[in-house]
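Read the structure below first, then the notes.
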């Protein structure tokens with residue numbers, strides 16, 4: 001393994017001097033290689049028998065306090081944390097206290113002790129790692145947490161013991177202390193079996209509880225339905241109860257699948273984000289505590305009633321890779337990130353019912369916020385979510401990095417086929433998470449990373465990467481490798497990052513993620529059971545860490561064009577902080593370049609750029625400024 005251990009103990013994350021321009025030299029053999037899968041929707045996987053009865057971590061031993069800004073807070077052997085999206089499993093209160101949850105279990109293969117693992121940060125220290133679940137005798141899984149009341153907290157998880165499998169709710173009036181008070185929330189009966197719940201609260205004292213949960217089985221004309229319950233009295237009564245909101249019903253979707261959704265809340269706004277490779281990317285937003293919901297579509301799936309048994313495609317489809325996340329800014333604006341995948345059930349070679357193909361070397365993280373409107377459709381609607389098209393319209397923020405400077409992406413050294421684990425989210429760069437803190441937007445994702453290889457040389461590890469925007473997502477700074485040359489993470493597969501969306505201190509973000517020594521999951525029979533560590537990383541931009549406390553100083557910035565909308569001529573102000581060769585391109589909604597100012601040298605200072613747009617037909621366009629390292633794209637309207 002090509003590693004440098006210098007400064008390993010003193011650095012938490014490192015700003016990399018990597019070009020922000022995406023590499024395009026790719027092996028077509030790899031890019032075009034697909035894998036066939038059968039669609040399965042497990043409630044509870046049956047774990048394989050163990051041959052290694054010790055299930056200890058096999059790499060460098062970890063300490064509880066790994067670094068000044070990292071703390072290992074929960075350990076679990078049970079590792080099936082999600083089928084797609086990461087649940088809202090952490091919360092940060094205004095006073096700086098925090099709580100984190102995970103599906104906990106230490107007794108394979110049956111995991112009779114499975115339930116919610118919980119830890120609390122009192123403002124100074126995390127508590128001891130939990131040794132048991134909070135639910136007592138109840139076997140539960142996939143918890144979600146929210147604040148409740150003036151100073152309390154509430155957790156929901158699904159149960160697996162006996163029918164009708166109610167959701168188990170645990171709450172207490174004072175966060176971090178006291179006994180948990182448990183109660184059940186039943187589904188509508190029959191085969192519904194409420195599963196994979198998400199919880200959020202709203203109201204001045206977080207008194208209104210919102211829970212969405214999956215049916216797991218056929219219900220209300222859908223293969224899998226997503227139901228909603230709301231309570232304003234602490235869960236004593238529910239109204240509505242087990243309601244399928246019209247926008248989520250069989251009128252729109254054949255199924256809302258397991259873990260393909262999440263909740264976010266802020267300042268009395270609650271957002272339900274839904275997405276997968278098989279349906280629209282959209283969210284429901286309420287500003288009146290769930291009395292009414294507005295549906296906003298980010299990307300419209302070209303196959304509106306996708307069915308694994310009957311739907312066939314005329315082309316491979318770039319789509320959400322089954323992972324996504326959202327956050328709400330102080331201004332109420334919703335920000336969304338997603339992993340990019342490529343899937344198909346092709347007409348030319350129709351697979352067996354229930355089967356589909358995916359392309360494991362597809363790579364990219366998309367970004368969108370409410371100021372952007374619905375993603376405009378590409379010339380080929382199957383390619384609207386492709387990395388190339390999203391990059392052309394300024395909506396691509398993440399991809400795997402060329403760490404060995406070979407000039408190739410996907411230059412992984414593992415001997416496996418493919419040389420990495422894709423989990424259930426199907427992409428190289430995947431599992432994104434987003435948070436907003438004032439004008440600052442933070443994105444983290446798990447990405448297969450060159451030069452980080454398992455000891456047996458078979459797989460490349462996934463690592464946590466970050467990017468930050470200081471202007472609400474208009475422009476983005478350099479890639480940050482969270483664990484760069486950190487001795488505690490040399491042999492770590494790091495997945496399922498979650499940035500607490502309710503950050504409270506300017507310049508501070510709280511990131512949580514899973515790490516163990518082996519790519520893949522015991523729950524998917526990829527390896528023997530081992531200890532998984534849940535880690536809290538405090539990303540503090542108020543004190544210097546490699547000078548990252550200072551806002552990223554870009555080589556240049558560009559103003560919004562004026563006038564806008566424009567007729568015949570419009571102007572841009574280009575502020576150059578470092579002498580650069582800069583080009584200007586104008587792109588239409590299909591990603592075609594319709595106007596270009598050739599690359600020229602610009603000295604430091606402000607420069608007016610006058611665009612003659614008289615030849616352009618009325619409509620929406622994007623202008624893109626590029627110096628070979630940074631790219632800034634903004635939207636303009638031609639009348």
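The values are calculated or read from the model by the stated rules, or taken from the named source; none is laboratory data. These numbers were taken from a predicted model, which means no experiment stands behind them. Quick reminder, even Gly has a Cβ in these numbers, built from the backbone with ideal geometry, and neighbours come from all protein chains shown.
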The lone condition residue 611 fails out of (1) surrounded by 11 or more Cβ atoms within 10 Å (Cβ to Cβ); (2) at pLDDT below 90 is (2)
Matching residues, the range 375-405, being under 28 Å from residue 520 (Cα atoms), touching a residue at least 12 places away in the same chain (Cβ under 8 Å) and over 21 Å from the mean Cα position of the chain (by Cα)
402, 403, 404
Among all residue pairs at least 6 apart or on different chains, which show Cβ distances below 9 Å where the first residue, located in the range 598-627, is at positive phi and the second is surrounded by 11 or more Cβ atoms within 10 Å (Cβ to Cβ) and part of a strand (DSSP E or B)?
605/575; 605/576; 619/637; 619/638
So which of 107, 82, 102, 116 ends up being surrounded by fewer than 22 Cβ atoms within 10 Å (Cβ to Cβ) and at pLDDT 90 or above?
107
Within the range 255-288, the residues that are more than 23 Å from residue 340 (Cβ to Cβ), part of a loop (DSSP other than H, G, I, E, B) and at pLDDT 95 or above are 287, 288
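Looking at 510, 527, which one is modelled with pLDDT of 90 or more and part of a strand (DSSP E or B)?
Criteria check complete, one pass: 510.
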Before we move on, is residue 310 free of Cβ contacts under 8 Å to residues at least 40 places away in the same chain and either touching a strand residue (DSSP E or B) at 6+ places or on another chain (Cβ under 7 Å) or part of a loop (DSSP other than H, G, I, E, B) (or both)?
no
Considering the range 145-202 alone, what residues qualify as being at positive phi and either in contact (Cβ under 8 Å) with a residue 12 or more places away in the chain or under 28 Å from the mean Cα position of the chain (by Cα) (or both)?
149, 165, 176, 189, 190, 193, 196
Take the residues in the range 23-38 that are in a loop (DSSP other than H, G, I, E, B) and surrounded by 14 or more Cβ atoms within 10 Å (Cβ to Cβ), then tell me which one is modelled with the lowest pLDDT.
26
Is the range 474-491 home to any residue that is at pLDDT below 90, in contact with a helix residue (DSSP H, G or I) (Cβ under 6 Å, 6 or more places away or on another chain) and under 27 Å from residue 99 (Cα atoms)?
yes
Within the group 241, 158, 210, which residue is buried (at least 19 other Cβ atoms within 10 Å of the Cβ) and modelled with pLDDT of 95 or more?
210
